[in-house]
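Okay, structure first, notes after.
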Amino acid sequence: MFGKGLLKGLSITIKRLYGPNLTEYYPEVKPILPSRTRSSMVLEPEKCISCGLCVNACPNQVIILTSEKDDKNKKVLKTYNMNMGRCLLCGLCTEACPTKALKLCQVYENAVYHREELLWDMMARSKQAKISSGKEE
């Protein structure tokens, strides 16, 4: 019958028109994310022992860290950089970390305009997160 598809399409349109609103008002109202969402990385530099297990566990070689020995002959983290443009957010580095200094988090607003902005200095980001949350020592 001619118009059977038209009637079915109009019925769906009318149901959506008078049904509940499915629109999310994103910038004003933040979405509630599932608990297992992986969107970003967080480093706690004071927990890091510079063992390099996260570097070895990363399949894309995203992590670059440098350390130096202090006067007590202990390794101290000097720099910790991640190229988030290549990161899969697989979590293998967080599983390999013995002190749980590296974690996945739900911060999802990571869009940038330039590729260079995806090279994250994780130590600077952790300091910035402490300042913004008011936990500065």
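The values are calculated or read from the model by the stated rules, or taken from the named source; none is laboratory data. The model shown is predicted, which means the values in this text are computed figures rather than measured ones. Methodologically, a virtual Cβ is constructed for each residue, glycine included, from the backbone with ideal geometry; neighbour enumeration extends over all protein chains shown. To get the accessible areas, we keep the full protein, side chains included, count just its heavy atoms, and leave off ligands, DNA and RNA. Shrake-Rupley method; radii C 1.70, N 1.55, O 1.52, S 1.80 Å.
Just to verify a number: FRET efficiency for Lys30 and Gln61, C-beta to C-beta distance, R0 = 35 Å, to 0.05? Don't skip to the end; give the middle numbers.
Values: r = 33 Å, r/R0 = 0.94.
Plugging the Cβ-Cβ distance into 1/(1 + (r/R0)^6) gives 0.60.
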*What percent do you get for the relative contact order of the chain when only Cα pairs under 8 Å and 6+ apart count?*
27
_Virtual spin-label span in nm between Arg86 and Leu10, 7 Å along Cα→Cβ_ = 5.8
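Around Thr99, under 9 Å between beta carbons, what's the net of Lys plus Arg minus Asp minus Glu among the other residues? List each step's numbers first, then the result.
Working: positive: Lys47, Lys100; negative: Glu44.
Every neighbour counted, the sum reads +1.
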*Pairing the Cα long axis of helix 4-18 with the longest principal axis of the chain, what angle in degrees results, from 0 to 90 and rounded to the nearest 10?*
60
_Heavy-atom surface of the range 42-137, accessible at 1.4 Å and reported per residue (Å²)_ = 68
*May I ask for the net charge around Thr23, where only other residues with Cβ less than 15 Å from the Cβ of Thr23 are counted and Lys, Arg are +1 while Asp, Glu are -1?*
0
*the range 108-133-the range 91-106 distance, computed between alpha-carbon centres (Å)*: 17
*Residue among Ser50, Ser11, Ser67 with the largest mean-square fluctuation in a Gaussian network model of the chain, springs linking Cα atoms under 10 Å*: Ser11
*Modelled label-to-label distance, Cys105 and Ala124, 7 Å Cα→beta-carbon offset: nm?*
1.7
*With all protein chains present, how much of the accessible area of the chain (probe radius 1.4 Å) comes from carbon and sulfur, to the nearest whole percent?*
58
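Taking K and R as +1 and D and E as -1, what net charge do the other residues with C-beta under 15 Å from the C-beta of Leu53 add up to? Mind dumping the intermediate values first?
Numbers: positive: Lys47, Lys75, Lys100, Lys103; negative: Glu95.
Once all neighbours under 15 Å are counted, the net charge is +3.
Grab the DSSP H runs of the chain that are 4 residues or longer, score each as -39,500 (n - 2.57), total them, divide by all residues and round the 222 nm result to the nearest 500 deg cm²/dmol. Intermediate results must be reported in sequence, preceding the final value.
Details: 4 runs with 37 residues, N = 137.
After summing the helix terms and dividing by residue count, I get -7500 deg cm²/dmol.
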*asked:* Please list, ordered by chain and number, the residues whose modelled amide H lies under 5 Å from the amide H of Ser40; skip anything fewer than 5 residues away on the same chain.
replied: Cys105, Val107
_Distance (nanometres) between label positions extended 7 Å along Cα→Cβ at Thr23 and Thr37_ = 2.1
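Show me the GluC sites (Glu not before Pro) within the range 1-88 that DSSP assigns to loop and that have at most 13 other Cβ atoms within 10 Å of their Cβ. Provide the component values of the computation, followed by the final result.
Details: sites: Glu24, Glu28, Glu46, Glu68; in loops: Glu24, Glu28, Glu46.
Filter output for the range 1-88: Glu24, Glu28, Glu46.
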*Choose one answer from Ile63, Ile49, Ile14: the residue with the largest mean-square fluctuation in a GNM of the chain with alpha-carbon springs under 10 Å.*
Ile14
*For the range 96-110, Karplus couplings with θ = phi - 60° (6.51, -1.76, 1.60), whole Hz, Gly/Pro x*: 7, 6, x, 9, 6, 7, 10, 9, 8, 9, 9, 6, 10, 8, 10
*Using a Gaussian network model of the chain with C-alpha springs under 10 Å, which one of Pro45, Pro98, Pro20 is most mobile by mean-square fluctuation?*
Pro20
*Give a quick list of chymotrypsin sites (Phe, Trp or Tyr not before Pro) in the range 1-58 that DSSP marks as loop, anything other than H, G, I, E or B, with at most 14 other Cβ atoms within 10 Å.*
Phe2, Tyr25
